[in-house]
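Heads up: the structure comes next, in structure tokens.
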Ligand SMILES: [Zn+2]
């Protein structure tokens, strides 16, 4: 039995425009034919015809930056410590379902505590659960005072941390080989340090020689590499090392951009995290009041260089850093597209290509996802409004009318929101502490 998808308008993930009146024929879970309805093979008795004549059909969307194990974290302690790994895996499966129902049929998880993301990936692939196609890293490899080494030295980096600390090149190589044995799809390096030098610049926590040797070992073993690099130095070192995908690149300079171009690196900014922090957070904790203002400046600085990078022809992949409280699962995946159009000058078609056929370059399935062509999996997202007219429409759940995974319809009914579990998040027991004057004031 074949399935015939009649599409009022189809975006194939590769082109520049919507094609009207198309038919997609699916055999098993794979696309057998795509073309104008007038040229489609005739449906035989028993074939199923699904009519999306009044809709817009897209390749299943892809977010390459979803941290399934974080649980919409509010603090580093939530990321690393609270909630046991077994609970995290179950919670992550719930999160993966939310991503899928938002029209995202594939995701990459670029840093996971324990083996949470890989377990979700494998359980879905075994057919135990319905979920998006998952490609993942393990714990991110970090150097001293790098992202992940954020607790005081007398605590160190716990086993449960999303970061794994390597103190020298030998330890790094051993960690890379261990993660490859553990069947991680790619290796993530936290290259930025947490501290700035005298010139106010973020320092890289690895030297050029160390990073180059680590990336070379990954490539020898056949796994791709991603770095967390917002600072100038981290971007430059990553590009020179030939890293496959550079996350953030907010403080990249012209020299860094030149190396990015020369070495064929891909950029993936994840500006959603910053823009959401600016627009939706007002930290009451005085230690963090600076953050929204700093992030506003970050967005300004980043946009200038990222526009240059786009003009220089650098490919962009699309990810949102979902899994934090400001970027909850299932809510903001299309926000990055909106930001790329609004801040970075992408056309809607360019942004849609980036989140489909460009993003697929990182995934296990490669060219078999992110495009509607014969031979690809029949992963389709059907929407009621034309995203070329208004890319923001992809953010509205009522606009996502159907999602197909390998030609099978996904149940889009939202699951009930779960109650908070005591150990799921860190918490401050005395949050808003009042003065006696304030209490007296409230009494009146
Ligand atoms: Zn991230």
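Read-outs: derived from the displayed coordinates by stated rules, not from any lab. Small disclaimer: the values here were computed from a predicted structure and weren't measured. Glycine gets a Cβ as well: all are built from the backbone with ideal geometry, and neighbour counts include every protein chain shown.
Things to note:
- Within the chain, helix-based [θ] at 222 nm, where runs of 4 or more DSSP H residues each add -39,500 (n - 2.57), nearest 500: -9000 deg cm²/dmol
- For the stretch 242-259 versus the stretch 332-360, the spacing of their alpha-carbon centroids is 19 Å.
- Expected-Rg normalisation [2.2 N^0.38 Å, Cα atoms] applied to the stretch 292-433: 1.26
- With Cα atoms, 0 to 90° folded angle of helix 85-101 axis to the chain main axis: 40 degrees
- The stretch 12-55 - Rg and Dmax from Cα coordinates, angstrom: 11.3, 35
- Taking only the Cα atoms of the chain, the radius of gyration and Dmax are 22.4, 80 Å.
- The stretch 215-346 - share of DSSP beta bridges that are antiparallel (%, nearest 5): 10 percent
- For the stretch 18-77 versus the stretch 291-308, the gap between their alpha-carbon centres in whole angstrom: 34 Å
- From the C-alpha gyration tensor of the stretch 1-149, square roots of 5λ in Å: 40, 16, 12
- Nearest-ten-degree value, helix 335-344 long axis tilted from longest Cα axis of the chain: 80 degrees
- Taking all Cα pairs closer than 8 Å and separated by 6 or more residues, the relative contact order of the chain comes to 19 percent.
- Relative contact order computed over the stretch 1-149 (Cα-Cα under 8 Å; 6+ residues apart), in percent: 19 percent
- The DSSP beta bridges internal to the chain are antiparallel in roughly 45% of cases.
- Ranked by how many other beta carbons lie within 10 Å on average, peptides 161-172, 192-203 from highest: 161-172, 192-203
- Part-to-part distance (alpha-carbon centres) for the stretch 165-210 and the stretch 114-140, which is given in Å: 23 Å
- Exposure proxy for 410, 433: other Cβ atoms within 10 Å of each Cβ, ordered fewest to most, give 433, 410.
- Taking the number of Cβ atoms within 10 Å of each Cβ as an exposure proxy, the fewest-first ranking of 216, 389 is 389, 216.
- Taking Cα atoms only, the orientation of helix 169-181 departs from the longest principal axis of the chain by about 30 degrees.
- Residue exposure sequence - 247, 189, 273 - by fewest surrounding Cβ within 10 Å: 273, 247, 189
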